[in-house]
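Okay, structure first, notes after.
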There are 2 protein chains.
Amino acid sequence: MRKTMNGGRRAPKIGDVARAAGVSVATVSRALSAPDKLKSETREKVMAAVAELGYTPNSVARQLRVGSSRLVLVIVPRRTNPPFFSEVLHGIDVTLAEAGYVLITGYMEGREHDLRLIELAASGHVAGLLTISGELPRAPGRSILDAGLPAVAVCADPKVDGLPAVLLDDERAAAMQVEHLLSLGHRRLFYVSGPAGNYNEVTRHRGIVRAIEKAGLGRNALVEHRGDYTFAGGVAGADAYLALADRPTGVVCGNDESAIAFVKTVRAAGLRVPEDLSLIGFDGIELADFCEPTLSTIAQPRFALGATGARLLVDLLAGADRADLLPRSGKILMQGRLLARDSSRAAN
Amino acid sequence: MRKTMNGGRRAPKIGDVARAAGVSVATVSRALSAPDKLKSETREKVMAAVAELGYTPNSVARQLRVGSSRLVLVIVPRRTNPPFFSEVLHGIDVTLAEAGYVLITGYMEGREHDLRLIELAASGHVAGLLTISGELPRAPGRSILDAGLPAVAVCADPKVDGLPAVLLDDERAAAMQVEHLLSLGHRRLFYVSGPAGNYNEVTRHRGIVRAIEKAGLGRNALVEHRGDYTFAGGVAGADAYLALADRPTGVVCGNDESAIAFVKTVRAAGLRVPEDLSLIGFDGIELADFCEPTLSTIAQPRFALGATGARLLVDLLAGADRADLLPRSGKILMQGRLLARDSSRAAN
DNA sequence: ACCATTGATGTAATCGATTACAGAAGCTGT
DNA sequence: ACAGCTTCTGTAATCGATTACATCAATGGT
């Protein structure tokens, strides 16, 4: 099989350009990477030959020689919320591109497959790593960090000790959910949580409890129900809510997906939102603005989370000192934004 | 800056392994790529040293030497439906991994950024290309195909002449929408289309018209409204529908998103689905099963589309003859599947 | 007129693997 | 014991760029 298909011509190499321009390969290389070291006359001669032949440097060879790559591998878990992460990826991509890097995504699927990602990282192709779930591919006796690549976690508490992270200030954001409902006059709240032990859940739960304490309400102002951030979990939460004798008028959901399921379920049971109960979600997904009624929620700064994480990695790759970029905790917290929409209104 | 962080040790090279095992570099290389050419005793000695040192071959060097890569670049347009494509990507990823390739995704953002992708392809890092929108990054005077990489389009009509493609049989699928509603006894249909000129729209429209003709109904059995596959387009379509004096009882939507918007809008106007009108969407997105009422639709075989496209590329990369893998049209068509749910029922 | 200095370019070593070829070792049959 | 094989392993060329160092020309100062 021919290696190239464009008319049988093989890709031009630096030597071809040198010959065409009547100079040495060193001069061609310099024309491309350090143009001001050349006499402008020579430079133009080389550039003309480059354009003429359609030369693109073979960056595999370049990488082998200089030992550094312009590729950043972003680890994306398979089981995740695509609309949410697509916007985070966008922020990462734009930031990396501005800094001259190329984003490549590696999906974590499972054991055998993930080994491939570890090898990719160890193989010298990749300059740095980002993970958007806090997790990294693992294999028995091997870690993707063995290769010594700089790495940053975005949007999640890193499962790896000491990994720098950029994430939402979950405690504050959850407090904002509570404060919103309390400010509307609701005095008792129902909470559909995330899965037990989950970092987001633990942190947000703390924010909720503290906000209630701070408002001077007792612990019985909060009725909790264990959810799991899924649609089905929202349905189950609503069923539990409907079964209560004395229902709180405010509902805090762990995310928008379960909030939408909650609304759908209580409406099917004859309750009206927001007339009978006010509800607030978490995440700010697109759908939250399309559903009926539109959903009050806390929007995560998705683009900014990705962009900030990527910026941090780029600075690390440039050799900046970790201590100069990060607080001692190793975590940069970003703030959520309250979107007050139709699913919440003043208690009567 | 130190290159590695794992205690200052640099990554072991093939020479280090050779020394540790007391053999030559050629033997180490063979132990890894052609184990049966070695005496088992030697092989085990080498493998022990490999494990001991935690050696991973530098695939940048390998690639430079052998001239072939195991990376496949998947071109993903930024403006696209993430939940839909994430499942397609999954199919691609699994298939490529089985064949020993690694998937990397490149997002198309716009001119300057896309140039980076062209350079990545020309740089020797990449073995082959997949596009999931039919489009490829372009820059003045350059095409990503100049590098001569094998390429395949999935899920879309290729905008590039002669690019092999794997896509849905849109004409048949659209005909299935019509047949479903006709079989339920609806005799007049309202159609919320996709944007004018769009390949999917043109092809599906043909399927709809032919299905109606085949049923012996006249052209006036179909009322058409120009949509654009968005939520807002669905709202506008519903408004047009509501303004009709004599409303058809069957509604065909170009996709699920606009179908959901349509339902929401007509219900707000007091109509009931499916009591007053039956409706069918297109795509089979998750949400179609969560909304109220659950949406009848045509599910695209998303995983299979990705897997089949990736399989095709892998075969091409292995040197298979294009003519042996593809029909003369250059397109492999896959069938949609009817999901009859609550939004459609027998006409009364 | 000559040496020192600067600037521009060329020569060749280098990155870390793969692999053609050569050479060594072990067998077999006579 | 030796030619003729086979089987295994080692030596060194190679992939295409970058870059340290060498070379050469031009310039300036005295």
Can you find a residue in the range B:265-281 that is out of contact with any Phe, Trp or Tyr (no Cβ under 7 Å at 6 or more places or on another chain), closer than 30 Å to B:Ala165 by Cβ, more than 14 Å from chain A (Cβ to nearest Cβ) and surrounded by 18 or more Cβ atoms within 10 Å (Cβ to Cβ)? yes
Please go through the range B:186-226 and pick out each residue that is among the hydrophobic types (A, V, I, L, M, F, W, C) and under 19 Å from B:Ala238 (Cβ atoms). B:Leu189, B:Phe190, B:Val192, B:Ile208, B:Leu222, B:Val223
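Restricting to the range B:191-218, name every residue that is among the basic types (Lys, Arg) and either in contact with an Asp or Glu (Cβ under 8 Å, 6 or more places away or on another chain) or at positive phi (or both). Explain how you work it out, then say what you get.
At the first step, the residues of the range B:191-218 found to be among the basic types (Lys, Arg) are B:204, B:206, B:210, B:214.
B:Arg204, B:Arg206, B:Arg210 - these are the residues of the range B:191-218 that are among the basic types (Lys, Arg) and either in contact with an Asp or Glu (Cβ under 8 Å, 6 or more places away or on another chain) or at positive phi (or both).
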Taking the range A:58-80 as the search range and keeping residues that are within 16 Å of DNA strand C (Cβ to nearest atom), more than 7 Å from chain B (Cβ to nearest Cβ) and closer than 21 Å to B:Leu73 by Cα, which one is most open to solvent (accessible area, probe 1.4 Å)? A:Arg62
Give me a count of the residues in the range A:88-100 that are open to solvent by 10 Å² or more (accessible area, probe 1.4 Å), under 21 Å from A:Arg302 (Cα atoms) and more than 8 Å from every other protein chain (Cβ to nearest Cβ). 3
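Which of the residues that make up the range A:9-27 are within 8 Å of DNA strand C (Cβ to nearest atom) and either touching a residue at least 60 places away in the same chain (Cβ under 8 Å) or open to solvent by less than 60 Å² (accessible area, probe 1.4 Å) (or both)? Explain how you work it out, then say what you get.
Of the range A:9-27, the ones within 8 Å of DNA strand C (Cβ to nearest atom) are A:18, A:22-27.
Within the range A:9-27, A:Ala18, A:Val23, A:Ser24, A:Ala26, A:Thr27 meet the criteria.
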Residue that is nearest to A:Ala51 (Cα to Cα), among those in the range A:19-36 that are within 9 Å of DNA strand D (Cβ to nearest atom), of a type in the set (A, V, I, L, M) and more than 39 Å from the chain's Cα centre (by Cα): A:Val28
So B:Gly91 fits all but one of (1) more than 16 Å from DNA strand C (Cβ to nearest atom); (2) out of contact with any Ser or Thr (no Cβ under 6 Å at 6 or more places or on another chain); (3) under 30 Å from A:Thr56 (Cβ atoms); what number is the exception? (3)
Return a yes/no flag: does the range B:126-133 have any residue that is over 14 Å from B:Ala307 (Cα atoms) and facing chain A (nearest Cβ under 7 Å). no
Would you check if B:Gly306 is at pLDDT below 95 and open to solvent by less than 10 Å² (accessible area, probe 1.4 Å)? no
Take the conditions at pLDDT 95 or above and open to solvent by 30 Å² or more (accessible area, probe 1.4 Å) and apply them to B:Asp321. Does it pass? no
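Specify which of the listed residues (A:Ser123, A:Ser143, A:Ser133) is surrounded by fewer than 24 Cβ atoms within 10 Å (Cβ to Cβ), of a type in the set (Ser, Thr, Tyr) and without any contact (Cβ under 8 Å) to a residue 12 or more places away in the chain. Quick ask: steps written out before the conclusion?
Numbers: A:Ser143 fails: without any contact (Cβ under 8 Å) to a residue 12 or more places away in the chain; A:Ser133 fails: without any contact (Cβ under 8 Å) to a residue 12 or more places away in the chain.
Matching residue, one of A:Ser123, A:Ser143, A:Ser133: A:Ser123.
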Filter result for A:Leu103 (open to solvent by less than 30 Å² (accessible area, probe 1.4 Å), away from DNA strand D (no atom under 12 Å from the Cβ) and touching a Ser or Thr at 6+ places or on another chain (Cβ under 9 Å)): yes
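Consider the range B:326-348. How many of its residues are hydroxyl-bearing (Ser, Thr, Tyr) and either crowded, with 18+ Cβ neighbours inside 10 Å or touching a residue at least 12 places away in the same chain (Cβ under 8 Å) (or both)?
2
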Test set (1) away from every other protein chain (no Cβ under 14 Å); (2) under 19 Å from the mean Cα position of the chain (by Cα); (3) of a type in the set (Val, Ile, Thr) - A:Ile104 fails condition number: (1)
Checking B:Val50 against (1) more than 8 Å from DNA strand D (Cβ to nearest atom); (2) open to solvent by 40 Å² or more (accessible area, probe 1.4 Å); (3) more than 10 Å from chain A (Cβ to nearest Cβ); (4) not acidic (Asp, Glu), the condition it does not meet: (2)
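Mind checking which strands (runs of 3 or more DSSP E) fall wholly inside the range B:155-231 and carry at least 3 residues that are open to solvent by less than 10 Å² (accessible area, probe 1.4 Å)? Walk me through it before giving the result.
Numbers: elements: B:165-168, B:189-192, B:222-225.
Passing ranges, in order: B:165-168, B:189-192.
The values are calculated or read from the model by the stated rules, or taken from the named source; none is laboratory data. Just so you know, these numbers come straight off a predicted model, no measurement behind them. Because the Cβ atoms are built from the backbone with ideal geometry, glycine has one as well, and the counts that use them run over all protein chains shown. Remember, those area values only see protein heavy atoms, side chains included, never the ligands or the DNA or RNA. Shrake-Rupley method; radii C 1.70, N 1.55, O 1.52, S 1.80 Å.
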